[in-house]
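Below: the structure, in structure tokens.
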Amino acid sequence: MKIHKIGWLFCGLILCLPFFLLTARGWAQDEEDYIYQLTQSTGSYTFWTTLPAQRVFKNDAVPADTGSSVLVYAAKNEFEPFQIVVRPASSGSVTVSADDFGSGIDVEIYQVKYVNITQATDSLGKTGDYPDPLWPIEAGDSVDVVSGENTAFWFDVHVSETTTAGDYSATVTIGGVDIPVTLHVFNFSIPEALHVKSQMNFSHQRFLDQYSVDCCGNAYWMVVDKIKQYFIDHRLTPKSVLWSGGLTSSGAGPYIDYDCSGTLTDNDGIWGFEAPAERYIDGTGLMQGKFSQRFNAGTGFPSFMAATFRNNDASADQRPSTFCGQTRSAADWVAGDNPSTPYNQSWFQYMTTVQDYLDSMGYLDKAYYYFANEPQDQADYDAVAWYSRHMKNAAPAFKLMVSEEPKPEIFDHPDYVQDGQVDIWLPVLNNYDPAISHDRKKNHGEDTWIYFLHGTRPPYFNPITLDHPGIESKLTGWFLWKYRLGGIAYYSLNNWSQNPWTDPLNSNHNGDLFMLYPPSPSNTPIAYGSNNHRFVPSIRFELMRDSLEDYEYFYVMNGQTQPQVDVANAPDAQVDKIIKGVASYTRDSGFMYNLRRLIGLYLGGEIASIPDITPPLEHPRADGTPGNYYINFQDPDGIPATTYTEETYANGYAYRYLTYAGHDYLQVGTDEYDQTAGFGWLDDTDHFLAGRDPWGDEQDERKITCVYDDYAHHPSIFEFDLPNGTYTVEASVGTPRRVRAHNRLVIEGVTFIDDEASDYYTVRTDTVTVTDNKLTLDIGIWDEYTMINYIDIQAELSGGCQGDLDQDGLVNQADLALLTDVFGTACETEPYCMGDFDGNAYIDGADLAVFVENFSNPECY
């Protein structure tokens, strides 16, 4: 009745505009569903499919939606997986096979296996059987299945660069049932060269031992080459690209011959530097006849670690204790501050020689010296600044890496005398500051990579964490593009010192030591060749590759060029839909895969532009008209007491409100984000505190209460779902008991408080724009408390035109639809007040008249 009423009123006022033409949200026409039950299901077997980024648990419910075939999309020169799940009516076994899509398209098959999680890593994890290992099987293998339990199969499709664009069909057969699979090949290729550099610590020897590969015949070299190809196929670079040869040894001392007079000579053949470099860096060498074909069709790795430290003490002199007849002492290091000692003269001459040698071979631009790990104190900073200074004097073009975020303690150090003294900064993600890194890149020519550790916890994504949603590994490439990061690193891909199959936890982090599994669940060597030398990857490892392939989509879209700091480019608008901030992301797999599909269609010239799709709303509060919202951070069970409780959105969640200062404040404590509630913290909040401190004369209950992270180890992220639009936000931080020297608050990218003392309380007001249906608060600074008290969020009208309810700068039919939703309602519930143009707390005919006056008003455009 309400719709008919306002539609009829509107017809009477202006030429009866076709209200019935208003449509639902526009992205649905561009959406495909990828999670559904397959119509080939029988009484014996129920089959369904889901996205690779969706982990399949044994007891997951079968989807209600149905479809008749599995849909897969890939570019040329891309790997792309899909999953098919079988749920049998009775226990037994099924055979699995996949026929050919056609020439140039290969398929490998894996069974998704499980590891038992006895302790969840954090709030995103859970205990019990967790899907992660991908167990390689061959076509025609028989696999045991259990009644009423899901068994998932993972199919990895590789499309060659020479494959013709278009649609291809194949059949997967499970338990005698044929399931059609449709592959669409986009009309473009992702580049052969890798455009994300990486340093992934991998033990070749541990792999060879577990696969019973003996040194040093043709079989040995075949497997070593297979390892390198596996990495480059995953668009990753192992830390030891040249293994089992190299250029330097422990502490950067020479591995090949050095005469101590300025000449390096490689007399070691395939065990030295030049032959492995020609094959794995150039991509062309045949290793003195060990191989008949070039490596990776002639494209090698994009970077390699030419030298490194001996241990993790960044303040210590990591160089060899004796070198060219000289014995190192404290006088040769920072305390002596003398680069001209006999030892230092010999050493820095050698470093000059290494630089010149690499330059003569054409490898200098790809080489770097990783010389210090995680400097933590002044002694470490002194050593990093001093050594990098004198390294650059000796070898100015030899890149230097330090695993730390760019810090003023280093780059403002008296011994840091030139830009580019550190070429590559490598911070852990949870210490990464884009503003500082971008300044070092743009104004000083210094690059930044990132790495992940067991301490990289929510709100940050961590592609290494085993018991996190699969989409976290898919975020990596998108994150690197958004923040113009040059590469990634991880310290352990196959540390099998404890059996990952039975003991996946290390440092309270599941998956910490591995992204690859031993080829035997017992962690004992298998017979040579018994599994065709196939790796046992994790789902995380495979999705990491997918994310780096996505990066190549952006690279192609950007005209085959890398993104630059502070320079906008075409992919940015799409990437921003996934990566909203350093610790804020879209985690909807269906949306990400649809967006990737549309980008692929656009790059291949199949569509003229990329439809402006948006992630599905997570909460009903985000749908409709921007309004006013008020939040008090407190213990909801404490003082001030709840005024009333209601199921505001009729979705089963009981909201608690405090009526204060003329508004109804939502009482928010330490709860983690809940999609049903539509708000919460993205952190693990076990160490969060909420309370009330009535100290002193302060009477404002909103200020006396607060929530804060008691660990204060990294900024905290709070999200509140609401409609897109422009809002005026007032926020308060502080405590009546003391002045806190360091406070920080960023809301929707707008800095409200930037490392400032609170003066007991700091209250700031600013304007923010929400484009992702979530107001995001980034609160706190490392090792310091920021106590958030309250926020008032009040919607603004854009362009000064009443009636522009969707904030797009127009007053049109879309706004009429929004006004229709609230017509005839009272304005006590704050979210609908934007339709109350005359301020009488009721949305009625008078408001409609104001709306009609501005409808299609050119001044509103």
Simple spin-label model, 7 Å along Cα-to-Cβ: Asp503 to Ala814 in nm? 5.7
Centroid-to-centroid separation of region 153-203 and region 343-382 [C-alpha atoms, Å]: 40
If I take R0 = 56 Å and measure r between the Cβ atoms of Asn267 and Asp572 in this structure, what FRET efficiency does the formula 1/(1 + (r/R0)^6) give, to the nearest 0.05? 0.65
Tell me the carbon and sulfur percent of the accessible area for the chain, rounded to whole percent, probe radius 1.4 Å. 47
Suppose a student asked you for the relative contact order of the chain, using Cα pairs under 8 Å spaced at least 6 residues apart; what percent would you report? 10
Among the listed pairs Lys76/Lys580; Lys113/Lys577; Lys76/Lys197; Lys366/Lys577; Lys239/Lys407; Lys580/Lys703, those beyond 23 Å (Cα-Cα): Lys76/Lys580; Lys113/Lys577; Lys366/Lys577; Lys239/Lys407; Lys580/Lys703
What is region 257-396's relative contact order, in percent, from Cα pairs under 8 angstrom and six or more apart in sequence? 25
Mean-position separation - Cα centroids, region 483-515 and region 703-778, in angstrom: 34
FRET E, pair Asp144, Thr173, Förster distance 25 Å, beta-carbon r, rounded to 0.05: 0.90
From largest accessible area down, sort Lys441, Lys482, Lys228; use a 1.4 Å probe on the protein chains. Lys441, Lys482, Lys228
Could you give the distance between the Cα centres of region 35-67 and region 521-550, to the whole Å? 25
What value, in deg cm²/dmol to 500, does the helix sum -39500 (n - 2.57) over DSSP H runs of n ≥ 4 give at 222 nm once divided by the residues of the chain? -6000 deg cm²/dmol
Amide proton proximity set for Val536, modelled H, under 5 Å, gap of 5+: Tyr517
Mean separation of Cα contacts under 8 Å, 6 or more apart, over the residue count of region 92-156: relative contact order %: 46
Label assignment, percent of Cα pairs over 48 Å apart derived from the structure, set (1) 56; (2) 63; (3) 29: (3)
Spin-label pair Thr162/Val417, simplified geometry with 7 Å Cα→Cβ offset, distance in nm: 5.7
Can you tell me the length gained on complete extension of the stretch Tyr761 to Ser69, counting 0.36 nm per residue apart and subtracting the Cα distance? 243.1 nm
Taking amide H positions as placed 1.01 Å from N in the peptide plane, with prolines and chain starts having none, which residues 5 or more places from Asn510, or on another chain, fall under 5 Å of its amide H? Thr121, Leu466, Asp467
Residue list for region 732-766, given a label point 7 angstrom along the Cα-to-Cβ vector of Glu796 and an amide N cut-off under 13 Å: 750, 765-766
Bins of 5 Å, beginning at zero and ending with the bin holding the largest distance: percent of Cα pairs per bin for region 238-336, please. 3, 12, 18, 20, 16, 12, 9, 6, 3, 1, 0
So how much accessible area does Tyr460 have, in Å² to the nearest 10, using a 1.4 Å probe? 10
So for R0 = 45 Å, FRET eff. of Asp129-Arg738 from the Cβ-Cβ r, to 0.05, ends up at 0.40
May I ask you to compute the full-extension gain from His438 to Glu31, defined as 0.36 nm times their residue separation minus their alpha-carbon distance, rounded to one decimal in nm? 143.0 nm
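The values are calculated or read from the model by the stated rules, or taken from the named source; none is laboratory data. Bear in mind the structure is a predicted one, so any value in this text is a computation, not a measurement. Positions of Cβ are backbone-derived with ideal geometry, glycine not excepted, and every protein chain shown enters the neighbour counts. Accessible surface is based on the protein model in full, side chains and every heavy atom, while ligands, DNA and RNA are left aside. Shrake-Rupley method; radii C 1.70, N 1.55, O 1.52, S 1.80 Å.
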